Amino acid sequence: MHIAVVGSGYVGLVSGACFSDFGHVVSCVDVDAGKIASLNAGKMPIYEPGLAELVATNVRQQRLFFSTDIKTAVREAQAVFIAVGTPSRRGDGHADLSYVYQVARDIAGSLDGFTVVVTKSTVPVGTGDEVERIIKEARPDADIAVVSNPEFLREGAAIEDFKRPDRIVLGIEDERAEAVMKEVYRPLYLNQAPFVFTNRRTSELTKYAANAFLATKITFINEIADLCEQVGANVQDVARGIGLDNRIGKKFLHAGPGYGGSCFPKDTQALIKTAQDYGAPIRIVETVSAVNDQRKRAMARKVLAACDGSVRGKTIAILGLTFKPNTDDMRDSPAISIITALQDNGAIIRAYDPEGEHQARLVLDKIDYAKDPYDCATDADALVIVTEWEQFRALDLPRMTKLLKQPILVDLRNIYDPEEVRRQAFSYTSVGRA
């Protein structure tokens, strides 16, 4: 099958590469000529484990192509995936659908024969209806079916998630489209991956509901962590105690500095706005979003307290800048709010991240970037772990105590055992643990 994927960002590139690995012939299209040139040269615009190798293999086997020629790609395709960004719109928090609607206009003139147009982008309820209207208005003769197929990819594990999904949600209102989508996902269908067939609006809402629920779990355990600190309890034990209940589950119950990334912040805001517009406000999600925003900057106060109430003129070593490990994504990373708050209080920031430095330079000012964790810690007044990269889990703590001016460790991801760290003469602060 010939597939066109319009948008070669995170979702589009991963989806296109995986579809081609299924055996389909895939054209990934983007208006950014520089990005396409880089992809054709084998350079990935994002860091995602295994992606470069997957792309190279399928390009070599002539199943995966990169182009700015949307007309040819669409004309040859039986399925066209819209995978462009839907960032929060400035001023009101609604999802900015201008890119999605522009793609609908762009593909309308090149459709040839029955074509399934699939919204892979995360979009509010009713977007598929508007995509269909735009295409039909531009091409009344177009034979199309518009399908909603939201992505559920975790950055850092996207390829595994795509090939071994928890579920595949398909919002379909045309029997012909169902047959096409089953062929698109045929390898997974044969492997009996869970397929959830719904109408289009249900599918669109399912994506937002999923992300809002996960964001709620994160925020819930973070607030429980605050209570643990006040009453002398251990949030990790609480999380294990409730997570073993199958009705709750253990995932997304890790206390920390709050959620970030390309999905949860903007998707919770978009769901909040949609619910308000329809007169059915979701108060829980409104609170989750507000609490999470406040929490990020509150983490800087932990650092201040660990440094006897003041960081003015002190060098604070930050380990981890991206919102999670195994990605270079800095969007809404807790590190941004934490570092900004520390700088506002007069701190000098030195930071290290295995993959995030380039993106960090675009959003953070006046930071000294280190070459490794030990370079970062040298002559610093405190060491702060913000992102739980694997290489931070087994630091040489005795060496760190010698490099730091003061043996202060603030572990915002709870990756160390308090007793072990304190045996190394550290002053240790974590989240939700005595």
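The values are calculated or read from the model by the stated rules, or taken from the named source; none is laboratory data. Remember, it's a predicted structure, so these values are computed and weren't measured experimentally. Using ideal geometry, Cβ is built from the backbone for each residue, glycine included, and neighbour counts are taken over all protein chains shown.
Scanning segment 370-415 for residues that are within 19 Å of ILE348 (Cα to Cα), out of contact with any Pro (no Cβ under 7 Å at 6 or more places or on another chain) and not basic (Lys, Arg) yields a count of 24.
Residues checked against (1) aliphatic (A, V, I, L, M); (2) surrounded by fewer than 20 Cβ atoms within 10 Å (Cβ to Cβ); (3) in a helix (DSSP H, G or I):
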| site | (1), (2), (3) |
| --- | --- |
| ALA300 | yes, no, yes |
| GLY309 | no, yes, no |
| GLY313 | no, yes, no |
| ALA317 | yes, no, no |
| PRO325 | no, no, no |
| ASP332 | no, no, no |
| ALA380 | yes, no, no |
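For THR198, the test of being in contact with a Gly (Cβ under 6 Å, 6 or more places away or on another chain) and without any contact (Cβ under 8 Å) to a residue 60 or more places away in the chain is passed. Inspection of segment 182-196 finds no residue satisfying the criterion of being β-branched (Val, Ile, Thr), in contact with a Ser or Thr (Cβ under 8 Å, 6 or more places away or on another chain) and surrounded by 15 or more Cβ atoms within 10 Å (Cβ to Cβ). Would you be able to say whether some residue in segment 366-376 is under 25 Å from ASP226 (Cβ atoms) and either part of a strand (DSSP E or B) or outside the structural domain of GLY320 (by TED's automatic domain parsing) (or both)? The answer is no; no qualifying residue exists. VAL146 falls short on exactly one of the conditions (1) assigned to a helix (DSSP H, G or I); (2) farther than 19 Å from LEU54 by Cβ; (3) of a type in the set (A, V, I, L, M, F, W, C), and that condition is (1).
Of all residues in segment 184-235, those satisfying the criterion of being at pLDDT below 95 and either of a type in the set (Lys, Arg) or in a helix (DSSP H, G or I) (or both) are ARG186, PRO187, LEU188, TYR189, LEU190.
Number of residues in segment 157-175 that are out of contact with any helix residue (DSSP H, G or I) (no Cβ under 7 Å at 6 or more places or on another chain) and either in a strand (DSSP E or B) or crowded, with 19+ Cβ neighbours inside 10 Å (or both): the value is 0. Remark: TYR428 falls outside the filter, which requires a residue to be over 30 Å from VAL231 (Cα atoms) and either crowded, with 21+ Cβ neighbours inside 10 Å or modelled with pLDDT of 95 or more (or both).
In segment 133-155, what count of residues is obtained for those that are buried (at least 19 other Cβ atoms within 10 Å of the Cβ) and in contact (Cβ under 8 Å) with a residue 40 or more places away in the chain? Of the residues in that region, 8 qualify.
The set of residues in segment 382-400 being in contact (Cβ under 8 Å) with a residue 40 or more places away in the chain and surrounded by 13 or more Cβ atoms within 10 Å (Cβ to Cβ) consists of ALA382, LEU383, VAL384, ILE385, VAL386, THR387, GLU388, TRP389, PHE392.
Out of all the residues in segment 236-276, which are charged (D, E, K, R), part of a helix (DSSP H, G or I) and surrounded by fewer than 13 Cβ atoms within 10 Å (Cβ to Cβ)? If the condition is that a residue be charged (D, E, K, R), part of a helix (DSSP H, G or I) and surrounded by fewer than 13 Cβ atoms within 10 Å (Cβ to Cβ), then ASP237, ARG240 are the ones that fit. Selection over segment 93-111 of residues that are hydroxyl-bearing (Ser, Thr, Tyr), in contact (Cβ under 8 Å) with a residue 12 or more places away in the chain and within 21 Å of THR274 (Cα to Cα) gives a count of 2.
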